[in-house]
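What follows is a set of notes on a single structure, which appears directly below.
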Amino acid sequence: MARYIFLIVLLFGCSGSRMQNNKEWRSSIISVLMSQQQAWNEGSIERFMEGYWQSDSLSFTGSSGRTRGWQQTLERYKRSYPDKAVMGQLSFEILNLERLGPDAAVMLGRYTLIRQKDRPSGLFSLVWKYINGRWVIVSDHTC
């Protein structure tokens, strides 16, 4: 019995151990965000969406309301940004990034879109989870 308890403690105690290093988890999340920025600036919404959790439980809340699900969020982005001119050039500024546990983090930031006729910007908060060996956005609130 003690042997089984030891194995359970060992397995569950190590579940997030690969991401325990403070710099490693932080740089991994920032890398995903910068990959999204690059994909956006190249006009690829599909590659931008790789930073999101590919699940029906993904939550995106923006000025037009709440969207649930990865596919629905992809379709929303495509409707809202039908071409590269409307997408503009995106930049992110990270205001705060805090780890909530071994497999969760929250980020507060500012986005700016530079387009020919305007320069919209606003705040975002992202909830990140470490799922299947990688950090992904599970909830996005952008205003």
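Numbers at a glance
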{"item": "Residue, surrounded by the most Cβ atoms within 10 Å (Cβ to Cβ), within the stretch 77-99, restricted to residues that are aliphatic (A, V, I, L, M) and assigned to a helix (DSSP H, G or I)", "result": "MET87"}
{"item": "Residue in the stretch 49-57 that is over 13 Å from the mean Cα position of the chain (by Cα), at pLDDT 95 or above, surrounded by fewer than 19 Cβ atoms within 10 Å (Cβ to Cβ) and not small (Gly, Ala, Ser) present", "result": "yes"}
{"item": "Qualifying residue in the stretch 40-62 (condition: under 20 Å from PRO120 (Cβ atoms), hydroxyl-bearing (Ser, Thr, Tyr) and in contact with a Phe, Trp or Tyr (Cβ under 9 Å, 6 or more places away or on another chain))", "result": "no"}
{"item": "Qualifying positions in the stretch 112-137 - out of contact with any Ser or Thr (no Cβ under 6 Å at 6 or more places or on another chain), surrounded by fewer than 17 Cβ atoms within 10 Å (Cβ to Cβ) and closer than 24 Å to SER80 by Cα", "result": "ILE114, ARG115, GLN116, LYS117, ASP118, ARG119, PRO120, GLY122, LEU123, SER125"}
{"item": "Tabulated pairs, the stretch 53-76, first in a helix (DSSP H, G or I), second among the aliphatic types (A, V, I, L, M), C-beta under 8 angstrom, 6+ apart or interchain", "result": "TRP70/MET49; TRP70/LEU58; THR73/MET49; THR73/LEU58; LEU74/ILE45; LEU74/MET49"}
{"item": "Count of the stretch 97-118 residues which are in contact with a Gly (Cβ under 8 Å, 6 or more places away or on another chain) and within 16 Å of TRP25 (Cα to Cα)", "result": "3"}
{"item": "Evaluation of ARG3 against (1) modelled with pLDDT under 95; (2) outside any helix (DSSP H, G or I) (one fails), failing number", "result": "(2)"}
{"item": "Residues of the stretch 97-118 classified as among the basic types (Lys, Arg) and either closer than 13 Å to LEU33 by Cβ or free of Cβ contacts under 8 Å to residues at least 24 places away in the same chain (or both), total", "result": "2"}
{"item": "Residue check for SER27: surrounded by fewer than 14 Cβ atoms within 10 Å (Cβ to Cβ), modelled with pLDDT of 95 or more and on the phi < 0 side of the Ramachandran plot", "result": "yes"}
{"item": "The stretch 119-143: number of residues that are farther than 13 Å from ILE29 by Cα and either in contact with a Gly (Cβ under 7 Å, 6 or more places away or on another chain) or part of a strand (DSSP E or B) (or both)", "result": "10"}
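The values are calculated or read from the model by the stated rules, or taken from the named source; none is laboratory data. From a predicted model like this one, the values you see are computed outputs, not experimental measurements. When we count neighbours, we look across all protein chains shown, and the Cβ atoms used for this are built from the backbone with ideal geometry, even at glycine.
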